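Below you'll find the structure, written out as structure tokens, and then a few comments.
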Amino acid sequence: MSDLPDRRLNAYRPDLAEERLRGVVEAANYVTGTTCVVCIPVVQLRSRPELECGTDTELLLGETVRVLDSGGGWAWVKADFDDYVGYVPDYAFTPVVRSLTHIITAPRTFVYSGPDLRLPTVQALSMGNRIKVVDQRDMRGTRYFLLEGGEAVIANHCAEASLPLGGDYVSIASRFLETPYLWGGRSGFGIDCSGLVQLSMMMTGRTAPRDTDMQATGLGTPIDRSELRRGDLVFWNGHVAIMEDEKTLLHANGHTMTVSHEGLNEAIDRIGWLYDQPTGYRRP
């Protein structure tokens, strides 16, 4: 087994590495990177600068990254939120020039050209997207938040960015029911099992590693199956599910290709023939 740091969380190549890895890995040059902010609702992060390469995770509007290198239409970045490293199209970022005041709390919502639901939509946003609100307006009983360009979002689909949505991340995860399963997905447009855990926890002010194996070893504490309760996690090799109560779980899964409910015993029986029994249980 290699003693080199995990490439998902540590930025290094033969020609370049992040400064904190000086003396840990060999590289021709070391950089600290430039802080930028994601400027589109969702962008896929890949392990190579190729569109044919599968998605490892996604970055969301308003999240900050350190750009370590760029060229050929791609940027090599490290996400500030969870340290994930990879390549994204360079059009997805801008310099950090403004503070963001609110975060989207609905799984999906629209940006309208003005404060009226009858006006054209100009963009779709996901839960976790961060925006700057400059004013508000009421129209026929609906309150809108106004953005810098005059566009508007539904105020009830937003919350102040500094205020987490309470402590029950399971209730947040349940808002994603029937959202399509998407490998590497981390948004209301498509999400995978560990992305559902991470994004739901983020919305309640908690942090979680991105991938299932990271969560299985570094999130919370191990427990026995007999102790399972709401909010606990069940792990298989390459999969994680959230307990809604002692008998039912919620997960983004490739069986239904959605976020869905399933009985714990039924899930264990169904998954077992292909992926064996659960590898562990944890209380985050």
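Any read-out appearing in this document is the output of simple, stated calculations on the displayed coordinates, not a laboratory observation. In this text, all values refer to a predicted model and were calculated from it rather than measured experimentally. All Cβ positions, even for glycine, are placed from backbone atoms using ideal geometry, and neighbour counts span all protein chains on display.
Overview of values
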quantity: GluC sites (Glu not before Pro) restricted to DSSP loop in region 25-76 with at most 13 other C-beta within 10 Å; calculated: Glu26, Glu50, Glu52
quantity: Estimated Rh, region 161-237: Kirkwood, alpha-carbon pairs, angstrom; calculated: 13.1
quantity: For His239, His261, His251, order by how many other beta-carbon atoms lie within 10 Å, fewest first; calculated: His261, His239, His251
quantity: Rounded FRET efficiency, nearest 0.05, which uses the C-beta distance separating His261 from Gln123 and R0 of 22 Å; calculated: 0.10
quantity: The chain - mean residue ellipticity at 222 nm from DSSP helices (-39,500 (n - 2.57) per run, n ≥ 4, rounded to 500); calculated: -3500 deg cm²/dmol
quantity: Principal axis dimensions, largest first and in whole angstrom, of region 209-256 by Cα; calculated: 29, 24, 15
quantity: Relative exposure of Tyr12, Tyr87, judged by other C-beta atoms within 10 Å (fewest first); calculated: Tyr12, Tyr87
quantity: Trypsin sites (Lys or Arg not before Pro) restricted to DSSP loop in region 15-89 with at most 12 other C-beta within 10 Å; calculated: none
quantity: Global geometry of region 1-153, whether rounded, prolate or oblate, following the gyration tensor of its Cα atoms and the 1.5 cut on a/c; calculated: prolate
quantity: Extension gain from Ser47 to Asp116, taking 0.36 nm per residue of separation minus the Cα-Cα distance; calculated: 20.7 nm
quantity: Label assignment, Rg and Dmax of the Cα atoms in Å derived from the structure, set (1) 20.0, 63; (2) 20.8, 67; (3) 22.8, 77; calculated: (1)
quantity: Cα gyration tensor shape of region 169-283, rounded if a/c is under 1.5, else prolate or oblate by comparing a/b with b/c; calculated: rounded
quantity: Cα pair count fraction exceeding 19 Å, expressed as % - region 102-160; calculated: 15
quantity: Label-point separation, Arg283 to Arg206 (7 Å along Cα→Cβ), nm; calculated: 1.2
quantity: Under 14 Å, Cβ to Cβ, from Ala28 - net charge with Lys/Arg +1 and Asp/Glu -1; calculated: -3
quantity: For region 132-192, the spread of Cα positions along each principal axis, largest first, Å; calculated: 37, 25, 23
quantity: Residues in region 37-74 reached by a label modelled at Glu19 [backbone nitrogen below 15 Å; 7 Å Cα→Cβ]; calculated: 66-69
quantity: Alpha-carbon Rg/Rh ratio, for region 17-95, with Rh computed the Kirkwood way; calculated: 0.96
quantity: Ranking of Ser171, Ser162, Ser194 by count of other Cβ atoms within 10 Å, fewest first; calculated: Ser162, Ser171, Ser194
quantity: Where trypsin sites (Lys or Arg not before Pro) fall in DSSP loop in region 85-157, at most 15 other Cβ within 10 Å; calculated: Arg98, Arg118, Lys132, Arg140
quantity: Debye log10 I(q)/I(0) at q = 0.20 Å⁻¹ for region 53-106, Cα point scatterers; calculated: -0.78
